[in-house]
Amino acid sequence: MTSDDLPIGRRVARWRVRRSMTQQMLADRLRRSKSWVDKVERGVRALDRYSVIQELAIVLRVDPEVLLGQPQSTPAGTPDGVDEIRATLARYDTPQAPEQADELRRQVGYAWLSYQHAHYGQLVRLLPSLLDAAQAAQAPELRAQAYRVTSSLLVKLGEADLAWLAADRAMSAAGNDPILAATAAISVGQALRAQDRDRLALAALLPATNRILPPSSHSGDQEVRVTFGDQTALKPLDHQGQGNHRARGERREWAVGGTLLVQAALAAAGCGEHRLADELTERAAGVATSLRGYHDTHRTSFGPIAVELARVLVATQRGDASESLQRHSAVVRREGWRRLPAEYRGAYLVDVARAYLRVGDLRGAARALVDADSVAPAEVRCRPLARTLIADVARVQPTPAGVARLATVVGLTR
């Protein structure tokens, strides 16, 4: 068995021994119990949460990819296997294999970890069997999560129509569960935005936002109604103290609602509704301030940093290059930026590169692409969007050195 074939718990144990640490020492540094460490190393307890993997990697002084057993190099080009995903989505017969919910939950968790670490090649290979298993599952949450991660990956790979289908499947799997439906709406919005259908995305996101973030229950609070077409977003002006009135489980709902607001703001900016975009990001900022200490169960990565990243993109869409550059320079220096998943940071930097190109800032676009490649190579080397951006920047003479290297890596120069 090679190192890459080892279960993640065995890798944790191996690196713990290499660092001359006992299980109790590792547990103390993680502020967990020795029993928890022992179960992780024996594979009894699954490691399926990005933040926990990252925490372990920091304590063991290794890259998270090392614990996951992933290769450090990332091949260029769209990973093979999209046709297999398409074929799986085209099957409507439910497999007869008995459901193993615990195993499926581990697989879904591992799929999200692969996605958050931008291991798109591996995820492409994993998804067909995962989707088959999810289709037979009785748990709506697992089906919705499997379709959501599939939709998210397909957006990356330039398969927006197929991503929309997977997002729609997530919505169907959600049924009458309002939280699952809201998370599925995030995927719907992302898929529509990837098709440059920002108005349709906004029309899908605003109602979902209103269902998950109802008006403030405080009688003295004022509200502002933000209208787009026949959709109305309710924006409480007073966010103070909301976190103190909600249980931790309810905070997860707020994180989903905040993500919907961010996606709606980006959609609004994409279709020229700049005032609405600003109002939505303001509301998202208010939601973010009320969230402290919640577990990111629905894989949203929502928080103050996510809102600040959205502000950068909204400002750039508005044509305010000065504001966007100032905000961008500030946010990437914050501690919370480094805690975001590699996928989230890399995707943002690719979006920043595209935004800079739209306002004619080629040097800014080049810098963002090089930074994205250092954070999450697959974001640059596997995504058709990034390949197009590299080609656009590479046409400039003289081509920035970093972009010239990327052009060679992705096969744009021979």
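Select from the range 371-395 the residues that are polar (S, T, N, Q) and more than 16 Å from Gly158 (Cα to Cα) and list them in ascending order. Give the steps one after another, and end with the answer.
Just the residues of the range 371-395 that are polar (S, T, N, Q), to begin with: 374, 388.
Ser374 - this is the single residue of the range 371-395 that is polar (S, T, N, Q) and more than 16 Å from Gly158 (Cα to Cα).
Of all the residues that make up the range 52-63, how many are part of a loop (DSSP other than H, G, I, E, B) and either surrounded by 19 or more Cβ atoms within 10 Å (Cβ to Cβ) or not basic (Lys, Arg) (or both)?
Of the residues in that region, 2 qualify.
Residues to consider are Arg45, Arg49, Arg11, Arg31; find the one that is in contact (Cβ under 8 Å) with a residue 40 or more places away in the chain and open to solvent by 70 Å² or more (accessible area, probe 1.4 Å). So that I can check it myself, show each step before the final result.
On the way: Arg45 fails: in contact (Cβ under 8 Å) with a residue 40 or more places away in the chain; Arg11 fails: open to solvent by 70 Å² or more (accessible area, probe 1.4 Å); Arg31 fails: in contact (Cβ under 8 Å) with a residue 40 or more places away in the chain.
Just one listed residue meets the conditions, Arg49.
Quick grid of which residues meet (1) over 19 Å from the mean Cα position of the chain (by Cα); (2) open to solvent by less than 10 Å² (accessible area, probe 1.4 Å):
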{"residue": "Ala144", "(1), (2)": "no, yes"}
{"residue": "Glu159", "(1), (2)": "no, no"}
{"residue": "Ala167", "(1), (2)": "no, yes"}
{"residue": "Ala182", "(1), (2)": "no, yes"}
{"residue": "Arg197", "(1), (2)": "yes, no"}
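Has the range 88-97 got at least one residue that is in a helix (DSSP H, G or I), touching an Asp or Glu at 6+ places or on another chain (Cβ under 7 Å) and in contact (Cβ under 8 Å) with a residue 40 or more places away in the chain?
Yes, because at least one residue in the range 88-97 is in a helix (DSSP H, G or I), touching an Asp or Glu at 6+ places or on another chain (Cβ under 7 Å) and in contact (Cβ under 8 Å) with a residue 40 or more places away in the chain.
For the range 398-414, name all the residues that are surrounded by 14 or more Cβ atoms within 10 Å (Cβ to Cβ), assigned to a helix (DSSP H, G or I), aliphatic (A, V, I, L, M) and free of Cβ contacts under 8 Å to residues at least 40 places away in the same chain.
Within the range 398-414, Val403, Ala404, Leu406, Ala407 meet the criteria.
Would you point out which residue out of Arg345, Arg318 is touching a helix residue (DSSP H, G or I) at 6+ places or on another chain (Cβ under 9 Å), among the basic types (Lys, Arg) and closer than 25 Å to Ala111 by Cβ? First the steps, then the outcome.
Numbers: Arg318 fails: closer than 25 Å to Ala111 by Cβ.
Just a single option satisfies the conditions, and that option is Arg345.
Going by the structure shown, is Arg387 in contact with a helix residue (DSSP H, G or I) (Cβ under 9 Å, 6 or more places away or on another chain), at pLDDT below 85 and farther than 15 Å from Ala118 by Cα? Spell out the reasoning first.
Details: in contact with a helix residue (DSSP H, G or I) (Cβ under 9 Å, 6 or more places away or on another chain): yes; at pLDDT below 85: no; farther than 15 Å from Ala118 by Cα: yes.
Judged against the criteria, Arg387 is not a match.
Do we have Ala139 as surrounded by 21 or more Cβ atoms within 10 Å (Cβ to Cβ) and without any contact (Cβ under 8 Å) to a residue 60 or more places away in the chain here?
no
The values are calculated or read from the model by the stated rules, or taken from the named source; none is laboratory data. Just so it is clear, the structure is predicted and the values come from calculations on it, not from any experiment. So basically every Cβ, Gly included, is an ideal-geometry build from the backbone, and we count neighbours across all protein chains shown. Surface accessibility is based on the protein's heavy atoms, side chains included, excluding ligands, DNA and RNA. Shrake-Rupley method; radii C 1.70, N 1.55, O 1.52, S 1.80 Å.
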